[in-house]
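S.K.: Sharing a structure below in structure tokens format, with a few things to ask.
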Amino acid sequence: MKELIFTNDTSGSMTLEKFLRSEKSVSKRLITKLKQQPMGITRDGLLIRTIDNVNPGDTIRLLIDDKDIQTANSSVYVPVAYENDSFVVFNKPRNMPVHPSIKHRDDTLGNYFSYLYPDCSFRPVNRLDRNTSGLCLAAKDPHTAAILQKSVEKTYYALVCGKVEKDGVIDAPIGRLKESIIKRGVCESGQRAVTHYSVVSVCDKYTFVRVKLETGRTHQIRVHFSWKGHPLAGDDMYGGSCEDITGQALHCGEMIINDSVAQKIIEVKAPLNEEMAGLMRKYSMKWNDIV
């Protein structure tokens with residue numbers, strides 16, 4: 001069980017539903033779930049209905065039953081880059097899936113989260129592909145997961161094939177390709193996708209770029225750079241060279257979180273994974289002052 005405590009620090013009274021939804025950004029779905037749970041929403045130890053008024057100074061307690069059904073695994077170690085009572089930011093290594101699946105039942109980030117927080121369901125706010133390393137944010141309760149969806153700014157770093165001459169923006173729609181359930185591509189019927197990038201370092205074979213996403217489509221960075229003729233190094237799905245590295249050379253290196261509960265901005269960084277760093281050293285490319 002996890003308890004969330006909210007105090008009406010406004011100067012007026014309002015219904016419980018308005019207080020939770022408008023003032024504290026609690027989702028309607030969570031409120032409905034709590035109403036069906038014994039002692040889910042209380043004031044001074046007594047149940048309170050969503051139509052009842054919450055007065056200035058009143059304290060409302062939400063009791064969330066959020067047990068996880070995933071297998072806990074303590075042997076799958078993932079470094080924690082930042083943590084507080086509401087969420088945790090992991091520095092996920094390459095070759096580790098975020099979610100359990102048929103082929104990966106107990107060796108994922110979700111399994112390690114379940115070991116660390118056995119009373120919490122695994123709710124990643126951002127998802128990384130198996131071979132994409134770096135910062136992955138997970139909420140410890142459904143309320144935090146909902147409010148963080150639009151409160152996170154991420155910066156990625158990618159090593160792409162060929163020379164990219166200057167900074168730019170890729171604005172091209174992305175959709176699922178008909179012949180595949182996994183692969184995406186640029187197509188007119190796809191959803192709008194916008195990728196901003198800047199050049200950090202260049203050699204004869206690769207370009208190291210900093211990337212920020214305006215949208216969040218599946219495989220967006222991989223698809224966009226492949227479409228531009230600069231697939232990510234190691235990304236055989238989208239035409240990248242695997243001569244120096246296997247698995248896309250992509251890393252989520254920076255994250256800015258607007259923590260509305262603590263009312264502060266949190267900045268988290270993760271150093272480049274060793275495979276990408278080794279490749280950068282091999283070709284005398286600079287990155288140490290970046291991430």
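S.K.: My understanding is that a pair violates if its Cα-Cα distance is over 24 Å; which of LYS18/LYS154; LYS28/LYS103; LYS183/LYS228; LYS92/LYS140; LYS205/LYS228 do that in this structure?
M.R.: Working: LYS18/LYS154 32 Å; LYS28/LYS103 35 Å; LYS183/LYS228 17 Å; LYS92/LYS140 17 Å; LYS205/LYS228 16 Å.
Result: LYS18/LYS154; LYS28/LYS103 exceed 24 Å.
S.K.: In addition: Placing unit charges on C-beta atoms (Lys and Arg positive, Asp and Glu negative, everything else neutral), compute the dipole magnitude of the stretch 1-129 about its Cα centre in debye, rounded to 20.
M.R.: Details: 18 positive and 16 negative charges, 103 e Å.
With Lys and Arg at +1 and Asp and Glu at -1, about 500 debye.
S.K.: List the relative contact order of the chain as a percent without decimals, with contacts defined as Cα pairs under 8 Å and 6+ residues apart.
M.R.: Working: 641 pairs, mean separation 41.5, N = 291.
Result for the chain is 14 percent.
S.K.: Mind putting a number on the dipole of the chain about its Cα centre? Charges go on the C-beta only, +1 for Lys and Arg and -1 for Asp and Glu, and I need it in Debye to the nearest 20.
M.R.: Details: 40 positive and 35 negative charges, 139 e Å.
It comes to approximately 660 debye.
S.K.: Something else about it: In the neighborhood of TYR157, defined by Cβ-to-Cβ distances under 9 Å, what is the net charge if each Lys or Arg adds +1 and each Asp or Glu adds -1? Intermediate values should be presented prior to the final figure.
M.R.: Values: positive: ARG210; negative: GLU254.
Summing Lys and Arg as +1 and Asp and Glu as -1 gives 0.
S.K.: Sticking with this one: Label SER13 and GLN263 with points 7 Å out from Cα along Cα→Cβ: what is the distance between them in nm?
M.R.: According to this spin-label approximation, the distance is 2.6 nm.
S.K.: Which is farthest toward the positive dipole end of the chain among THR15, ASN73, ALA270, measuring Cα position about the Cα centre, with Cβ charges +1 (Lys, Arg) and -1 (Asp, Glu)?
M.R.: Looking along the dipole axis, the top candidate is THR15.
S.K.: Gain in length, LEU177 to THR215, computed as 0.36 nm per residue apart minus the alpha-carbon separation, to one decimal in nm? Show your work: numbers first, answer last.
M.R.: Working: separation 38, 0.36 × 38 = 13.68 nm, distance 1.89 nm.
That pair, LEU177 and THR215, stretches by 11.8 nm at full extension.
S.K.: Ok, one more. Residue by residue through the stretch 164-170, what is 3J(HN,Hα) from phi via Karplus (6.51 cos²θ - 1.76 cosθ + 1.60, θ = phi - 60°)? Round to whole Hz and write x for glycine and proline.
M.R.: These are the phi-based 3J(HN,Hα) values: 9, 6, 8, 5, x, 10, 10 Hz.
S.K.: Still on this structure, I have one more. How high is the FRET efficiency between GLU243 and GLU165 when r is their beta carbon distance and R₀ equals 30 Å, given to the nearest 0.05? Could you put the intermediate results ahead of the total?
M.R.: Numbers: r = 22 Å, r/R0 = 0.75.
With R0 = 30 Å, the Cβ-Cβ based efficiency is 0.85.
S.K.: In deg cm²/dmol, rounded to 500, what helix-only [θ] at 222 nm does the chain give when every DSSP H run of at least 4 residues adds -39500 (n - 2.57) and the total is split over its residues?
M.R.: Details: 5 runs with 40 residues, N = 291.
About -3500 deg cm²/dmol.
S.K.: Given a cut-off of 20 Å, what percent of all Cα-Cα pairs of the stretch 48-173 lie beyond it? Numbers along the way, then the final one.
M.R.: Values: 4330 of 7875 pairs.
When every Cα pair of the stretch 48-173 is considered, 55 percent fall beyond 20 Å.
S.K.: Whole-Hz Karplus ³J(HN,Hα) for the stretch 146-153, in order, using 6.51 cos²θ - 1.76 cosθ + 1.60 and θ = phi - 60°, x for Gly and Pro?
M.R.: Whole-Hz 3J(HN,Hα) from phi for the stretch 146-153: 5, 6, 7, 4, 10, 10, 10, 10.
S.K.: Sticking with this structure for a sec: Using only alpha carbon pairs under 8 Å that are at least six residues apart, calculate the relative contact order of the stretch 171-291 and give it in whole percent.
M.R.: Working: 200 pairs, mean separation 19.5, N = 121.
In percent, rounded to a whole number, it is 16.
S.K.: State, as an integer percentage, the relative contact order of the stretch 113-234 based on alpha-carbon contacts under 8 Å between residues 6 or more apart. Each step should come with its number before you reach the end.
M.R.: On the way: 213 pairs, mean separation 27.9, N = 122.
23 percent.
S.K.: Would you mind pulling out the separation of the Cα centroids of the stretch 225-254 and the stretch 104-175, in Å?
M.R.: Comparing the Cα centres of the stretch 225-254 and the stretch 104-175, I get a distance of 17 Å.
Taken together, the values in this text are just the output of simple stated rules run on the coordinates, not laboratory data. Please read these numbers as outputs of a predicted model, since none were measured by experiment. No Cβ is skipped: glycine too gets one built from the backbone with ideal geometry, and neighbour counts run over all protein chains shown.
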